[in-house]
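The values are calculated or read from the model by the stated rules, or taken from the named source; none is laboratory data. These numbers come from a predicted model, not from an experiment. Cβ coordinates were reconstructed from backbone atoms using ideal geometry, including for glycine residues, and neighbour counts include every protein chain displayed. For accessibility, only protein heavy atoms count, side chains too; no ligands or nucleic acids. Shrake-Rupley method; radii C 1.70, N 1.55, O 1.52, S 1.80 Å.
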Amino acid sequence: MRVSSSWRWQLSRAMRLALCWCRLCRPQKGGRRWGFKPWVSGRSVELWSYSKLLLRSLYFNSLSNGDTLLDCAFEPVYWIVDNVTRWFGVVFVCLVVLLTTSVVLIIYLFVLPTILRTYPLPLVVWHLCCGHWLLLMVVFHYYKATTTSPGHPPKGKVHIPSVSMCKKCIAPKPPRTHHCSICNTCVLKMDHHCPWLNNCVGHFNHRYFLSFCLYMTLGCIYCSSSSKELFLEAYSAIERYYQTPPPPDAVQETTAYKSIIFLWVLTSSVAVALGGLTLWHIILISRGESSVERHINKKEITRLREKGKVFKNPYHHGTINNWKLLLGVEKRSHWFTRVLLPSSHLPNGDGIVWDCTFTRRDPMAI
């Protein structure tokens, strides 16, 4: 028997069963008013048994357990969270664009003129090349990560490799495919749904997402370190501004000082927060896992350890090979043309069929 995923259906069913339970609680007609102890003792056992039957009938069958009842009970909460996240995705994307644009404007208006005026020529050339290279990589990979579809299982094709059925899509799920409740569809090699991209991170845009995180972290570190001296000078000037009487600084100088402080605080904070996220994804990629597979494999490791067995990730091909597969590196020159420069090349494979490291003689559970 298939359990319905509609919380309204579950609620109406629970109300009907509760009504039946209340009917059993009423004394039978013709019973004596003061002599109902035998009725109470017999009815208590019957009500207890029927209560357990009601509870089990809400969630129990051969395909589900108590988790299904909790999912149905919390489905309204999940619906609210998914829809709010979907709506706020547009706000987050606009916020990323707005903050990135403000940082670029502050650098062009206040930081870059100072570099051109005070730094020697070799450092000026280095700052111009490095800064614009990081800006190009950040803009390119963010645009590609937000606009590239993560990949979905083909619809209408029954004969595709699958490991299970999706209960929401009622369709076969290929290996490493998971359902995204926010996008309301299955995603090939789903890693997670990123609200800052307003898009899922999957097979076809995983490289763009990681490259954006990496280059954005490097760009924030570059901006923070380049404006450190200007930040200290601006902070001292702002401290003097609150003295009595304040120094006769012009409005333009005060605006410049506040902009430099905003730039340094923002880029330093983003470098720390995004750097931690980037490091976590680097570890996952080195292990040949996605964020969803990390939780699944962790449970599988615990389960097999209790049986005296060892879990082996079938999609782990070695650290270097994992990175080559993700970045699409096939030759040495690709490290430059596909990693250090903007590239729109497709990842290896179609996201449906995966090359596993074990065979039947080398099973996953050893």
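With the cut-off at under 17 Å, measuring from each backbone N in region 171-208 to a point 7 Å along the Cα-to-Cβ line of Trp79 picks out 181-185.
Along region 115-126 the Karplus relation, 6.51 cos²θ - 1.76 cosθ + 1.60 evaluated at θ = phi - 60°, assigns HN-Hα couplings of 5, 5, 8, 10, 7, x, 4, x, 5, 5, 4, 5 Hz to successive residues, with x for each Gly and Pro. Region 153-230 and region 307-329 have Cα centres spaced 18 Å apart.
Computed from phi, the 3J(HN,Hα) profile of region 96-101 under the Karplus parametrisation 6.51, -1.76, 1.60 (θ = phi - 60°) reads 4, 5, 5, 5, 5, 5 Hz, with x in place of Gly and Pro. At R0 = 41 Å, how high is the FRET efficiency between Ser49 and Asn184 if r is their beta carbon distance? Nearest 0.05 is fine. Once rounded, the FRET efficiency stands at 0.50. Model label points for Val97 and Thr118, set 7 angstrom from Cα along the Cα-to-Cβ axis, are 3.5 nm apart.
Taking 0.36 nm per intervening residue step and subtracting the Cα-Cα distance, what contour gain separates Arg86 from His159 on full extension? Display every interim value, and only then the final one.
Numbers: separation 73, 0.36 × 73 = 26.28 nm, distance 3.22 nm.
Full-extension gain reported as 23.1 nm.
Per residue, how much space in cubic angstrom lies within the convex hull of the C-alpha atoms of region 78-340? Please report the intermediate quantities before stating the final value.
Details: hull volume 50.1 nm³, N = 263.
That works out to 191 Å³ per residue.
Expressed as a whole percent, the accessible area of region 78-340 that falls on carbon and sulfur atoms is 68 (1.4 Å probe).
Could you rank the peptides 264-272, 311-319 by their average count of other C-beta atoms within 10 Å per residue, with the highest value first? Please report the intermediate quantities before stating the final value.
Working: 264-272: 18.0, 311-319: 16.1.
Packing proxy ranking, top to bottom: 264-272, 311-319.
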